[in-house]
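Beneath this line is the structure, given in structure tokens, with notes to follow.
We did not get these values from a lab; they are worked out from the coordinates using the rules stated. In this text the structure is predicted, and so the values were computed from the model without any measurement. Reconstructed Cβ throughout: ideal geometry from the backbone, glycine too, with neighbour counts over all protein chains shown.
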Amino acid sequence: MKIKNIFIITGSLSFLLMVFPVFLASAVPSIFEFFAIDGFGEGILENKEALAVFDTFILVMSFMGAAIILPIFAAVTIKDLEIQKKLSLIFGLMLLLVAMPDFIGIIVGIAHAPLEMMLINTLIILFLFYGWKKGKA
């Protein structure tokens, strides 16, 4: 498979997992409340300071997601296959490290992302590792 296609697919899926939900939470108050309750319980809605911290957390997460995804899309413009393969490895490792708290959480039995999101994220990571090993120009 062409490595440029791998970057486009993984960048698009990563956008849907990392950035799109955060934008929705910023735009739709009920989604924001759902995320807050899901992460911290009903009590967070009664604490304005905690909601302000969570709002900042949501903002930071959106920019962090964009900072991860933009280089993936930018890698499409690179012509050298070996460099693209190395970037595919680096992006795969980076996303694995970002997902590691969820994997640890599921093993230890503490909070983690929904399993569906973890599965999609795992597929993204595996796709990038595939690009590193077998990507074509």
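Checking the condition of a type outside the set (A, V, I, L, M), out of contact with any Asp or Glu (no Cβ under 6 Å at 6 or more places or on another chain) and either within 30 Å of residue 5 (Cβ to Cβ) or in contact (Cβ under 8 Å) with a residue 40 or more places away in the chain (or both), which residue from 80, 38, 55 passes? Explain how you work it out, then say what you get.
Numbers: 38 fails: either within 30 Å of residue 5 (Cβ to Cβ) or in contact (Cβ under 8 Å) with a residue 40 or more places away in the chain (or both); 55 fails: either within 30 Å of residue 5 (Cβ to Cβ) or in contact (Cβ under 8 Å) with a residue 40 or more places away in the chain (or both).
Testing whether each residue is of a type outside the set (A, V, I, L, M), out of contact with any Asp or Glu (no Cβ under 6 Å at 6 or more places or on another chain) and either within 30 Å of residue 5 (Cβ to Cβ) or in contact (Cβ under 8 Å) with a residue 40 or more places away in the chain (or both) leaves just 80.
Sort out which residues of the range 1-43 are aliphatic (A, V, I, L, M) and surrounded by fewer than 18 Cβ atoms within 10 Å (Cβ to Cβ), and write them in order of number.
Within the range 1-43, the first condition is being aliphatic (A, V, I, L, M), and the residues that meet it are 1, 3, 6, 8-9, 13, 16-19, 22, 24-25, 27-28, 31, 36-37.
Across the range 1-43, the qualifying residues are 1, 8, 9, 13, 16, 24, 27, 28, 31, 37.
Of the residues in the range 96-118, how many are under 16 Å from residue 21 (Cβ atoms) and within 12 Å of the chain's Cα centre (by Cα)?
Residues flagged as under 16 Å from residue 21 (Cβ atoms) and within 12 Å of the chain's Cα centre (by Cα) within the range 96-118 amount to 6.
Check the range 80-91 and report whether any residue there is among the polar types (S, T, N, Q) and touching a Gly at 6+ places or on another chain (Cβ under 8 Å). Step through it out loud before you land on a result.
Looking only at the range 80-91, we keep the residues that are among the polar types (S, T, N, Q), and these are 84, 88.
Okay, now just the ones that are also touching a Gly at 6+ places or on another chain (Cβ under 8 Å), so 84, 88.
Checked the range 80-91: at least one residue is among the polar types (S, T, N, Q) and touching a Gly at 6+ places or on another chain (Cβ under 8 Å).
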